1. Give the residue, chosen from A:29, A:24, A:33, A:62, that is under 30 Å from residue B:128 (Cβ atoms), within 10 Å of the chain's Cα centre (by Cα) and either more than 14 Å from chain B (Cβ to nearest Cβ) or modelled with pLDDT of 95 or more (or both).
2. Has region B:24-44 got any residue that is outside any strand (DSSP E or B), under 13 Å from the mean Cα position of the chain (by Cα) and within 14 Å of residue B:124 (Cα to Cα)?
3. I need a count of the residues in region B:96-134 that are more than 10 Å from every other protein chain (Cβ to nearest Cβ) and touching an Asp or Glu at 6+ places or on another chain (Cβ under 6 Å).
4. So in region B:52-67, with the set limited to residues that are crowded, with 21+ Cβ neighbours inside 10 Å, within 23 Å of residue B:136 (Cβ to Cβ) and not β-branched (Val, Ile, Thr), which one is farthest from the other protein chains (Cβ to nearest Cβ)?
5. Would you confirm, using the coordinates I've provided, whether residue B:8 is modelled with pLDDT of 95 or more and farther than 21 Å from residue A:92 by Cα?
6. Of all residues in region B:1-51, count the ones that are surrounded by fewer than 18 Cβ atoms within 10 Å (Cβ to Cβ) and within 14 Å of chain A (Cβ to nearest Cβ).
7. Give me the pairs: first residue in region A:71-84 and under 18 Å from residue B:54 (Cα atoms), second residue hydroxyl-bearing (Ser, Thr, Tyr), beta-carbon distance under 8 Å, and six or more apart or on different chains, which are they?
8. Out of everything in region A:78-94 that is in contact with a helix residue (DSSP H, G or I) (Cβ under 6 Å, 6 or more places away or on another chain), assigned to a loop (DSSP other than H, G, I, E, B) and more than 7 Å from chain B (Cβ to nearest Cβ), what residue ends up being farthest from residue A:64 (Cα to Cα)?
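The values are calculated or read from the model by the stated rules, or taken from the named source; none is laboratory data. Not measured: the values here are computed from a predicted model. Don't worry about glycine lacking a Cβ; one is built from the backbone with ideal geometry, like all the others, and counts go over all protein chains shown.
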Amino acid sequence: MTGELVKTGLKHINRLNLNMEINVLFFGVLAEVTGTSGKYYRGIKSFGDLRHRIEDDFPEIVHYNFRIAVNNEIINDEPLLSPDDEIAYLPPFAGG
Amino acid sequence: MHLINGPVHISKISEIIAKASDNKESGAHSLFLGQVRRDHIEGKYVSAIEYSAYEEMVIMEANKINKSILSEFSNVKSIEILHSKGLVKTGEISLLVMISAGHRQDAINACSKAVELIKEKLPIWKKEIFEDNSEQWQEND
C-alpha cells in the first residue's frame, strides 16, 4: 500500500517537474559573452540542472555579476521551476 | 511607461507637457530629463550610448514604481516615464520622467524618487560607444 502511494507520488512529481522546456534569456554584456540573446532548453529536471547546463554551454558567464529572474521576478532562492517558465540572466542594471 | 526607439525628441516632450496640463487639479509638474553625457574615459570621448532592455520586465517593474510613488505621495496626479532603447547620441535625451501633483513639494520629491527607482529597478543596460568606435558596458552605481 505504502509502495503504491510512493509510486503514485513520484509519477505526479514526474509529470509536474521533470523534463521541462525552459526558455533562457541573456541580456546586456551576457548576450554578448554568450553570443546569443537566448536559448531553449529541453529535458530540464530542476533549476540546479538548468544552471549546470547553462554553465556547461557558456562557461564564461560565471566570471560576470548577474541576477536571475523567473517570469520577470528576480529570485533570491533556488526556485521550483514549472514547464514553460522564462529564465533571464540579468547583469547589473544601467538605465537612466 | 514607454520604451521608445532612439532619443526622446523635443516634440515628444512638448506633447507630454501639454497632456499633463489637461489635468486642472495639478498645481505643479516636475520634469526630469536624462541626457547622454560626453564622458571622457581613459583618453576617449563617448559619442553615443546603446540601450537594451528586458522589455516585458521593464513594463512590470515600472508599474510597481508607479504604484509605490502613488502610495507614498497621495497628492500625485499623474506619472509619465519614457526611456530610450537603441542608440542615443551625446546631447540627446534618453530618459523623461514627469510627475504632476497638487503642490510643488510632492511633484519634486516624487520625481526625484521615481528617477532613483528607475535607475535601481528597471532591467535596462547601456553600452558606451566611443568616438573611435570602441565600446564599453556601463552599470549604475
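1. Just a single option satisfies the conditions, and that option is A:24.
2. Taking region B:24-44 first, the residues outside any strand (DSSP E or B) are B:24-27, B:36-39, B:42-43.
Now restrict to residues that are under 13 Å from the mean Cα position of the chain (by Cα): B:36.
In the following step, the residues that additionally are within 14 Å of residue B:124 (Cα to Cα) were identified as none.
No, that holds for no residue.
3. Of the residues in region B:96-134, 2 are more than 10 Å from every other protein chain (Cβ to nearest Cβ) and touching an Asp or Glu at 6+ places or on another chain (Cβ under 6 Å).
4. B:53
5. Taking the combined requirement at face value, the residue satisfies it.
6. Within region B:1-51, residues that are surrounded by fewer than 18 Cβ atoms within 10 Å (Cβ to Cβ) and within 14 Å of chain A (Cβ to nearest Cβ) number 8.
7. A:72/B:54
8. Looking at the filtered set, the residue picked out is A:81.
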